[in-house]
Amino acid sequence: MDTKKIKFKPGHHLLKPFIPRKLKEVIKDIVSRVEDVGSQSRRELLFGENEPLVPPLRMMFEGPRDYELFKENGREFFEYLRRFCDLQPNHKILDIGCGIGRKTLPLITYLNEQGSYDGVDIVEKGVEWLRAKVGTKHPNFRFHLTDVSNGYYNAQGEIKAVNYKFPFPDNTFDIMLMGSVFTQMLTDEVENYLAEVARVLKPGGQSFITYFLLNEEAERLVSEGKGTLRLKHRVGKCRVEDKNSVADSVAHQEADMRALYERCGFNIKDKIHYGFWCGRESYTSYEDFIIAVKR
Ligand SMILES: C[S@@+](CC[C@H](N)C(=O)[O-])C[C@H]1O[C@@H](n2cnc3c(N)ncnc32)[C@H](O)[C@@H]1O
C-alpha cells in the first residue's frame, strides 16, 4: 500500500478520479434536481438522514424544513424551560402538539429515568416517526396519536377539540408545553384545552404556551404592516390570517386569555413574554408566550 503523505490543495477532490463516469452523471443529475431546496437536502438525498434523531426534511411537516433551524428551535425552548420554568431532569413533561419533535430533542439527553416526556399530536406520520426513532430507545419518551380535528393539519379528525379529554389522569405533570398550537385553534377549543392542561398538571405545575396575542401595541403594529401577519379576518374575537383556512394562524385577545387563565386556576408567572411576530423591537422569541402556575 502507498503510505506517502498526500498534500491537500483547495479545490482538489481526492475521490473524484476514482468515481466512474456513469455514477458522476447520476450524482450530478440528482444534485441539479434538488438545487432549490438547499445544500442540506442535497446531502440528505445523497447520503441518507442527517443525524439519527433529527428527522429528514420530508418529515418536517409542521415548520421550516431546515436541519439547523430544527435544532435551534429545540435549543431555544430548552433554554426557556431551564431559565423560566426551572426545568429539572426528573420532571414529567407533557408536550401537546409535539409535531415532529422540534422541542423533544434536547430533552432526550437531559431527562433522567425518573423524568418522562409525553408528546401528543394529531398527525400520524409525526407520531409514528417519533415512536420509532425516540420511543423505542428511550422508554420514558412516549408518543400519543389522537384523532382531533384541526382544519389545517387533520381536517377529517373524528374528535372535536372542544370535547377532547387529554388521555392522562389528574395532577400528573410538572410542565406542560404547547408550542404554536393555540396559534392554530379558535377560542372555544383553547378554552377546553386550557381547562385540560389545568386538570393534568400537578398543583404548582407550570404551563408554557405560545400565542399571537392581541393588545393595543400588537394591533397598532399589525395595522401598520410591521409584522409577519396581516390578520385581516375576524372569527369571533380572534383575528385570522386566512379566512378559508382559519386554523392557519390565529391571534387571540390578550385580555381574554388572561381571564381564561384566572378561570382555569392559574397565576401567570412574572410577565407575558412578547414576541416579534407583530414587528416589536423588544422581544423574547418570535411568538408571545405565557408561563403560568397551577394554583
Ligand atoms: C405549528 S406545529 C408546532 C409543533 C411543535 N409544537 C413545535 O413547536 O415545533 C402545530 C402542531 O400542533 C398539532 N395540532 C394542531 N391542532 C392540534 C390539536 N387540537 N391537538 C393536538 N395537536 C394539535 C399539529 O399537528 C402540529 O404538529
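None of the figures in this text is laboratory data; all of them are computed from the coordinates on show. Small disclaimer: the values here were computed from a predicted structure and weren't measured. Cβ atoms come from the backbone with ideal geometry, glycine included; neighbour counts cover every protein chain shown.
Please compare each pair in LYS92/LYS137; LYS103/LYS125; LYS71/LYS165; LYS92/LYS294; LYS202/LYS269; LYS71/LYS160 to a cut-off of 20 Å on the Cα-Cα distance and tell me which ones are over it. Checking Cα-Cα distances, LYS71/LYS165; LYS71/LYS160 exceed 20 Å.
Taking every DSSP beta bridge that has both ends in the chain, the antiparallel portion is near 45%.
Placing R0 at 45 angstrom, the Cβ-Cβ distance between ASN267 and LYS232 gives a FRET efficiency of 0.85 after rounding to 0.05.
How much FRET efficiency would the formula 1/(1 + (r/R0)^6) give for ILE159 and ALA259, where r is the Cβ-Cβ distance and R0 is 30 Å, rounded to 0.05? With a Förster radius of 30 Å, E is 0.70.
Helical content of the chain, expressed as a calculated mean residue ellipticity at 222 nm, amounts to -9000 deg cm²/dmol (DSSP H runs of 4 or more residues, -39,500 (n - 2.57) each, divided by residue number, nearest 500). Using 0.36 nm per residue and subtracting the Cα-Cα separation, the extra length available between GLU68 and THR109 on full extension is 12.9 nm. A crude spin-label estimate for the pair LYS5 and LYS243, with each label 7 Å from Cα along the Cβ direction, gives 7.3 nm. Net length available on complete extension from ASP188 to ASN171 is 3.8 nm, with 0.36 nm assigned per residue and the Cα-Cα distance removed. Since only VAL162, LEU111, SER223 are under comparison, the one whose Cα sits farthest along the positive direction of the charge dipole of the chain, derived from C-beta charges on Lys, Arg, Asp and Glu, is LEU111. Straight-distance candidates among the lysines for linking to LYS24, with alpha-carbon spacing under 16 Å and chain neighbours fewer than 8 residues away dropped: LYS16.
From the Cα gyration tensor of the stretch 216-295, with a ≥ b ≥ c the square roots of its eigenvalues, which class applies: rounded if a/c is under 1.5, or else prolate if a/b is larger than b/c, or else oblate? Oblate.
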